[in-house]
Amino acid sequence: MRRSRRTFLSTAGSAAAFGLAGCLGGSGSDVPEYDCDPGSTGESVSELPQPVIGDPDAEIVVASFEDFACPHCARFQTEEFPTIKEEYVDPGAVRYEHWDLPIPVDETWSYGVANAARGVQDRHGSEAFFEFSRVAFEHHEEYSWDVVGYAAEEAGADPCAAIADGESGTYDLVLQSDRNAGVERGVEATPTVFVDGDAVSEPTAEAISDAIDAAR
């Protein structure tokens, strides 16, 4: 079920209400444990460009609005996005942008993982952000601060810095700016993917491929 934009705006602060519109929202893996100093948090960051991969100057822009705690976003990232990356992003046919839209599906992880991801981007760039994102979504059913640290370490970043960003909300203002942009564009559920400004009918590799090919 997808809600109207009016309904989305009226329930923007409710995880349960909006969660039903797009997605619903423990450990036990080989993720290591991190013993980090809880005292090291940075100043709040209010501006950060979108994480971008592909050709930054490509004429076709693909923009995806996602919530890190959304199971549909996890499915999109693990099952659909790899095809788009291989066929269009890696060859430089498109500029691919990530936009955060914490519903939030989960009060802790929607913001916490997104904050950690944007910290990885801030310190190491977009490629590191997308690697963090890949690992995080693969472990989305077992989120913990150790998973956040592990995703950061796999992306070549400091795990303790990522955990600190997630716990302290260093990039909350950046996330809110993205969220506001999504609301303005009429996003009603996550993931929502735009190709050259038009929302794709469904977040599948086939639908996105068709939209990209039509835009060429």
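The values are calculated or read from the model by the stated rules, or taken from the named source; none is laboratory data. Not measured: the values here are computed from a predicted model. Quick reminder, even Gly has a Cβ in these numbers, built from the backbone with ideal geometry, and neighbours come from all protein chains shown.
Considering each residue of the range 165-204, count those that are over 27 Å from ALA116 (Cβ atoms) and among the hydrophobic types (A, V, I, L, M, F, W, C), and give that number. Outline the logic, then answer.
Here is the first cut: in the range 165-204, the residues over 27 Å from ALA116 (Cβ atoms) are 186, 195-202, 204.
Cutting the leftovers down to among the hydrophobic types (A, V, I, L, M, F, W, C) gives us 195, 199-200.
Residues that pass the stated criteria total 3.
Against the condition modelled with pLDDT of 95 or more, under 18 Å from VAL94 (Cα atoms) and not in a loop (DSSP other than H, G, I, E, B), how does ILE212 come out, does it pass? Even if it seems obvious, please write down each step before you answer.
Numbers: modelled with pLDDT of 95 or more: yes; under 18 Å from VAL94 (Cα atoms): yes; not in a loop (DSSP other than H, G, I, E, B): yes.
Taking the combined requirement at face value, the residue satisfies it.
For PRO56, work out the one condition from (1) within 20 Å of GLY182 (Cβ to Cβ); (2) touching a Lys or Arg at 6+ places or on another chain (Cβ under 8 Å) it doesn't fulfil.
Status for PRO56: all satisfied but (1).
Tell me which residues, restricted to the range 160-209, are part of a helix (DSSP H, G or I), of a type outside the set (A, V, I, L, M, F, W, C) and out of contact with any Leu (no Cβ under 7 Å at 6 or more places or on another chain).
We begin by selecting, within the range 160-209, every residue part of a helix (DSSP H, G or I); these are 160-168, 172-184, 205-209.
Now restrict to residues that are of a type outside the set (A, V, I, L, M, F, W, C): 165-168, 172, 176-180, 182, 184, 206, 209.
Across the range 160-209, the qualifying residues are ASP165, GLY166, GLU167, SER168, ASP172, GLN176, SER177, ASN180, GLU184, GLU206, SER209.
Given (1) under 21 Å from the mean Cα position of the chain (by Cα); (2) exposed (fewer than 11 other Cβ atoms within 10 Å of the Cβ); (3) of a type outside the set (A, V, I, L, M); (4) at pLDDT 50 or above, identify the lone condition not met by SER44.
(2)
Is it the case that the range 139-152 has a residue that's acidic (Asp, Glu) and surrounded by 22 or more Cβ atoms within 10 Å (Cβ to Cβ)?
The initial filter retains those residues of the range 139-152 that are acidic (Asp, Glu), namely 141-142, 146.
Imposing the further condition that a residue be surrounded by 22 or more Cβ atoms within 10 Å (Cβ to Cβ) reduces the set to none.
Looking for residues that are acidic (Asp, Glu) and surrounded by 22 or more Cβ atoms within 10 Å (Cβ to Cβ), one finds none in the range 139-152, hence no.
In the range 122-136, is there at least one residue being among the polar types (S, T, N, Q), buried (at least 19 other Cβ atoms within 10 Å of the Cβ), under 30 Å from GLU59 (Cα atoms) and over 11 Å from the mean Cα position of the chain (by Cα)?
Scanning the range 122-136 turns up at least one residue that is among the polar types (S, T, N, Q), buried (at least 19 other Cβ atoms within 10 Å of the Cβ), under 30 Å from GLU59 (Cα atoms) and over 11 Å from the mean Cα position of the chain (by Cα).
So how many residues does the range 173-195 have that are more than 18 Å from VAL61 (Cα to Cα), under 14 Å from the mean Cα position of the chain (by Cα) and of a type in the set (A, V, I, L, M)?
3
Test of understanding: among ALA116, ALA69, which residue is among the small types (Gly, Ala, Ser), crowded, with 17+ Cβ neighbours inside 10 Å and within 20 Å of ALA181 (Cβ to Cβ)?
Just one listed residue meets the conditions, ALA69.
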